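Step one of this worksheet: look at the structure below.
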Amino acid sequence: MKIRIGFNSNSSFPHILGSGDKLASPPGVSVEIVDHVMKEIGYDVEFIRVPGLRVLKMLQENALDAAFLFSHSKEREEFGVYPAGIKDGDFEARLATLSYSIFKSENSPLTWDGKTFFNLERPIGANTGYSVVKILRSAGIEVEEAMSTQRNIKKLLNRRIDGLADQDVVVEAHLKQLKVSGIVKMEPPIVTKNYYLIFSHKFADEHKDDVEDIWQMIGENREAMTEELLPKYSLMLNQ
């Protein structure tokens, strides 16, 4: 049976690689985990890449059966179904755990104590649709959105923003690939979040047992597969 699974058209190293609507080769750690689990359950996967907000809309409209990588929020429950256990603090069904941090120019006077910015004159940059945008704005911080991490890095280098809020591994991978120096990560992280494969309400209603089996298998395979796959992706950064 075929299952349509959507994910972001932006890269999120090492979990999602490449950009645009095509599947990269290799595609990313999370893509490989999802593909492996689906085949074990007996599904033929059709991967669909579109921008993040569009992924959620397609899931809500049942144009997709499942989607990833999405952190949990009450608002996102209208778009898709999350593992029930996360409400009780059970995060075993997660695909990945990622931290968001602030990056700045190394000579910038900007400081951050985990709650408040000091010497902040320009906006903080972040990717459109990322959950960190809401976190920062709810704290009264001006955020300027862009469509990709690479664009935000260029804006930071051109001093159009004072800092960049993004996933640690994504920014660090881009800096290495672009051979950019002079940008540093600030401590502590803004937030650390778990990310999931979620299902459309229609698919979850019609395939309850499969959905539970898929989440269980993700939990059982995540750590071993991530450990096995990461060296391959790390080598790509050194090429």
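The values are calculated or read from the model by the stated rules, or taken from the named source; none is laboratory data. Fair warning: this is a prediction, and the values are worked out from it, not measured in the lab. Here Cβ is always computed from backbone atoms with ideal geometry, including for glycine, and neighbour counts include all displayed protein chains. These area figures cover heavy atoms from the full protein model, side chains too; ligands, DNA and RNA do not enter into them. Shrake-Rupley method; radii C 1.70, N 1.55, O 1.52, S 1.80 Å.
Overview of results
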{"read-out": "Average accessible surface area per residue within segment 129-239, 1.4 Å rolling probe, Å²", "value": "53 Å²"}
{"read-out": "Assigned charges on the beta-carbon of Lys, Arg, Asp, Glu; the chain dipole about Cα centre (debye)", "value": "1280 debye"}
{"read-out": "Candidate lysines - alpha carbon under 26 Å from K104, same-chain residues fewer than 8 apart omitted", "value": "K115, K134, K154, K155, K176, K179, K185, K193"}
{"read-out": "Segment R159-E75, extension gain: residue separation times 0.36 nm, minus the distance between their alpha carbons", "value": "26.9 nm"}
{"read-out": "Sequence-distant aspartates and glutamates (8 or more away, or on other chains) whose Cα lies within less than 15 Å of K208", "value": "D65"}
{"read-out": "Semi-axis lengths, Å, the chain, gyration tensor of Cα atoms, sqrt of 5 times eigenvalues", "value": "32, 20, 16"}
{"read-out": "Two-site label geometry, E40 and E145: point separation in nm, points 7 Å out along Cα→Cβ", "value": "3.6 nm"}
{"read-out": "Percent accessible area from carbon and sulfur atoms, the chain, protein chains only, probe 1.4 Å", "value": "48 percent"}
{"read-out": "Alpha-carbon centroid distance for the pair segment 75-151 / segment 160-238, whole angstrom", "value": "14 Å"}
{"read-out": "Neighbour-limited loop hits for GluC sites (Glu not before Pro), segment 127-179 (at most 16 other Cβ within 10 Å; DSSP other than H, G, I, E, B)", "value": "E142"}
{"read-out": "Ranked by how many other beta carbons lie within 10 Å on average, peptides 34-40, 120-126 from highest", "value": "120-126, 34-40"}
